[in-house]
Amino acid sequence: MSSNSNLESLAQAWRNGKLTRRMLIARASALGVSGTAVMALLSERNMAYAQDAPTPAPTQTPIAITSNEGASVRIQYWTILSGPDGDEMSALVQKFSDENPDIGVDSLQGLLDFVPKLQAAGISGTAPDVALLRQYYIGGFASKGVLSPLTPDELAAAGIKQEDWDPTVWGFTTFEDQQYTIPLDVHCFAQFYNKKLLGAKNLAVPTTLDEVMAVAQATTDRANQICGYQNWIAPNAGAGDVFGWYWSMFQAQFGGQFLSEDRSKAAFNTPEGVAALQAMVDLETAGNPDNLPYFDLQRNGQVAVWPDGPWIITPMTNTEEAPAANDISVSPISQKDPNAPAVWAQSHQFSLPKQSDNSEERRAAALKFVEWMTAHSVDWAKAGQVPARNSARDEVVANTDNPVLQDVKVFVPELAYAKFWPSDVPTMLEIAPRIGNHAVAAVLGQESVADALKAAEQEINDIIANG
């Protein structure tokens, strides 16, 4: 039986409630199914992480829609978004199509193996007209000639004006002094907490890492599987693929860097880097000593404080998915030093891959689509994302009745101290999981802090050196 058949059989048993999470992971591992594939399955009905965390991991069935079949011009649109994010994006595509009957859209959300498929499509001349990327993908795709640069004149003609975007995220749209993308959103970490667990110990919502440690020590109850704190998804299978996002926030708060200023080597194996990773280890030891997996405990009211992104708002505040939803709230992420705040941030951004026929008509339609999507990104915010476009973000801040948007608002002030991964490093897709995997190993006690940083440093330097 193939690994795909094995996974599908396990998936069916999991969906039907015949396997527990632990049984699923154990059986999948025994059959040789990858941890990434297992987490993609687990994420279908809960967290948005391996995308993609900021958006849920791709499911086994991408969401495909075709609109305006009689339109005079057609564009293709690919993303890695799935689950609730894919549904919301598909709804936005349909709304655009309803308002623009002259443009047909062939939309594919939740595309499996997005990165290699987009690279292959770029080489073969079959790339989509529009592709949604993370900002740190830009260097890898642009350096391989997959993306086409965007000129100031065509952006102006499409009504896309730099001054209507958050200036920080706009700065992460380039590679080698050419612009390749238009930001759709920004997502970063905030602090989720359980009001009931904090209240039972008469504890205030923490604002510093020292206060988080105090909460972890006061509320952790191993006998009843109560965690005072969890380092996001560290204990979950396949977490290393994206755990570098959370690690990099600690690195920034402790005054460290990911890469050197010239992007030529790793820059985290320093005293600041050691202190940052050790702090993560200490918090996990105090708050989650048994390394219990993420998500189910949170939604059932068994974790006092934990970090996550806006993508988790919809499932964590819905009583049908999270029995403890009414006890869960969100606040800005706690800081090592509130006077020098830092938070990891990332952005989904629209790109226009190179086309074999260089159709000006389709390119103009693609830019019209991008402008419309960003202008209507308050609807995208309802899936749990912060709009990058100022006018749309202002709508979020002004909203008073949508419960999801009330939580999204908590993330907005954090943009002032957001720390993005660079868009101009061609090897970012290869090096990101290296630090993530070793940071997870340290947090879970599988490697020492010193060994984890040394190993990640060597691996990353080798990748950068070899291009």
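No value in this document is a laboratory result; all are computed from the given coordinates. In this text, all values refer to a predicted model and were calculated from it rather than measured experimentally. We place every Cβ from the backbone using ideal geometry, glycine too, and count neighbours over all the protein chains shown.
Annotation note: GluC sites (Glu not before Pro) in the stretch 273-359 located in DSSP loop regions with a Cβ neighbour count of at most 15 within 10 Å are Glu320, Glu321. With the gyration tensor restricted to C-alpha atoms of the chain, the semi-axes of the equivalent ellipsoid amount to 34, 25, 23 Å, longest first.
Over what distance in Å are the Cα centres of the stretch 192-251 and the stretch 367-413 separated? What the calculation gives is 28 Å, centre to centre. In the chain, the DSSP beta bridges split such that about 70 percent are antiparallel, to the nearest 5.
Counting only Cα atoms, the size of the stretch 320-467 along its three principal axes is 54, 49, 36 Å, in decreasing order. Of the trypsin sites (Lys or Arg not before Pro) in the stretch 152-242, the ones in a loop by DSSP (not H, G, I, E or B) with at most 15 other beta carbons within 10 Å are Lys161, Lys201.
Just check the stretch 193-254 against the gyration tensor rule for me: Cα atoms, a ≥ b ≥ c as the square roots of the eigenvalues, rounded for a/c under 1.5, and otherwise prolate or oblate depending on whether a/b exceeds b/c. Oblate is the answer for the stretch 193-254, as a/c is 1.5 or above yet b/c matches or exceeds a/b. For the residue pairs Lys117/Lys144; Lys144/Lys354; Lys161/Lys409; Lys144/Lys454, alpha carbon separations beyond 22 Å are given by Lys161/Lys409; Lys144/Lys454.
Which of rounded, prolate or oblate describes the stretch 268-370 when judged by the alpha-carbon gyration tensor and an a/c cut-off of 1.5? Oblate, because a/c is 1.5 or more while a/b does not exceed b/c. For the stretch 391-445, the calculated P(r) over all alpha carbon pairs, in 5 Å bins from 0 to the bin holding the longest distance, is 4, 14, 15, 12, 11, 14, 15, 11, 4, 0 percent. Backbone N atoms of the stretch 329-358 closer than 20 Å to the 7 Å Cα→Cβ label point of Glu154 belong to residues 349-358.
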